[in-house]
Amino acid sequence: MRSKIVAGNWKMNKTYQESKTLVKELKKAIKEIKLDNTRVIIAPTFTNLQKASKKTKDTVIEVAAQNMCAMESGAYTGEISASMIKSIHVDLVILGHSERRAYFGETDESLAKKVDTALKNNLEIIFCFGEVLEERKNGNHFKVVEEQIKKALFHLTSEDWKHIILAYEPVWAIGTGETASPEQAQEMHAFIRELVAERYISDVVEKVSILYGGSVKPANAKEIFSKEDVDGGLIGGAALNAEDFMALVKAI
Ligand code: PEP
């Protein structure tokens, strides 16, 4: 059975103090919600990760890192390794976010290496991919998504896939207020599931959660989440305040 997931990507937002406050608010609010086969994940920035991990230890809230170095250790100034993330009891990492691809030069090839390092260190991965507007307009969105997934993930074994969560994020819908229609999301998610089904055993396909990301808000979440192949959302803006984020958890 596929888990439902609502994951909040805080990006480069929230100071240490602000992050502490938001975690506190989320912990309080989540007690009021009955979760059924649903995972709730937050991804604060590195400086706030350990505190968030500690403070959510005995709660249902899980914590993820937003990035990770492909290398295990050594002379890589400014980088954070998988084992460092694990050492503060964080078991998840977001990889391949479109902002990392666009501003920090991450490619399908470099992401394949990060994926391998994360899995070697027993980190579960939220793997992001999605087309830019031009590609959608040209009708190339299926081809682009297929390549991104194949290049970064299709070398993995079925066993590895137990630790993969997919996040389809059309770049034109991220932080723009423009959302893919529920039908567009469903169409792409069904395509992705079929793609995985052609390469892997049915167990992988049955268990892999596919999240949608791109301007999901309390006002549109229910409709998107109700689609058969949409197992939840990766949320940016609406994850930055407890009320909105909890509305999304309720929506699922
Ligand atoms: C994201 O950055 O993953 C995202 C989906 O952002 P937003 O919800 O703000 O569009």
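Looking at Glu178, Glu243, which is the one that is within 16 Å of the ligand (Cβ to nearest atom), in a helix (DSSP H, G or I) and surrounded by fewer than 20 Cβ atoms within 10 Å (Cβ to Cβ)?
Glu243 is the lone residue from the list that is within 16 Å of the ligand (Cβ to nearest atom), in a helix (DSSP H, G or I) and surrounded by fewer than 20 Cβ atoms within 10 Å (Cβ to Cβ).
If a residue must be surrounded by fewer than 24 Cβ atoms within 10 Å (Cβ to Cβ) and either part of a loop (DSSP other than H, G, I, E, B) or not charged (D, E, K, R) (or both), how many such residues does the stretch 55-67 contain?
Qualifying residue count, the stretch 55-67: 8.
Give all pairs with beta carbons closer than 6 Å in which a residue from the stretch 141-169 that is more than 18 Å from Ile126 (Cβ to Cβ) meets a residue that is among the hydroxyl-bearing types (Ser, Thr, Tyr) and open to solvent by less than 70 Å² (accessible area, probe 1.4 Å); count only pairs at least 6 apart in sequence or on separate chains.
Filtered contacts from the stretch 141-169: Ser158/Tyr200.
Test Glu18 against the stated conditions and say whether it is of a type in the set (Asp, Glu), farther than 24 Å from Val208 by Cα, surrounded by 14 or more Cβ atoms within 10 Å (Cβ to Cβ) and without any contact (Cβ under 8 Å) to a residue 60 or more places away in the chain.
yes
Within the stretch 196-214, does at least one residue satisfy the condition of being within 15 Å of the ligand (Cβ to nearest atom), part of a loop (DSSP other than H, G, I, E, B), touching a residue at least 40 places away in the same chain (Cβ under 8 Å) and open to solvent by 10 Å² or more (accessible area, probe 1.4 Å)?
no
Of the conditions (1) away from the ligand (no atom under 15 Å from the Cβ); (2) touching a helix residue (DSSP H, G or I) at 6+ places or on another chain (Cβ under 7 Å); (3) open to solvent by less than 60 Å² (accessible area, probe 1.4 Å); (4) without any contact (Cβ under 8 Å) to a residue 40 or more places away in the chain, Ala221 satisfies every one except a single condition; which number is it?
The one condition Ala221 does not meet is (1).
Based on what the data block shows, is Ile224 assigned to a helix (DSSP H, G or I) and touching a Pro at 6+ places or on another chain (Cβ under 9 Å)?
Criteria met by Ile224.
Given the conditions (1) closer than 19 Å to Arg101 by Cα; (2) open to solvent by less than 70 Å² (accessible area, probe 1.4 Å), report the number of the one that Ala52 does not fulfil.
(1)
The values are calculated or read from the model by the stated rules, or taken from the named source; none is laboratory data. These numbers were taken from a predicted model, which means no experiment stands behind them. Glycine gets a Cβ as well: all are built from the backbone with ideal geometry, and neighbour counts include every protein chain shown. What goes into the accessible areas is simple: the full protein's heavy atoms, side chains included, and nothing from ligands, DNA or RNA. Shrake-Rupley method; radii C 1.70, N 1.55, O 1.52, S 1.80 Å.
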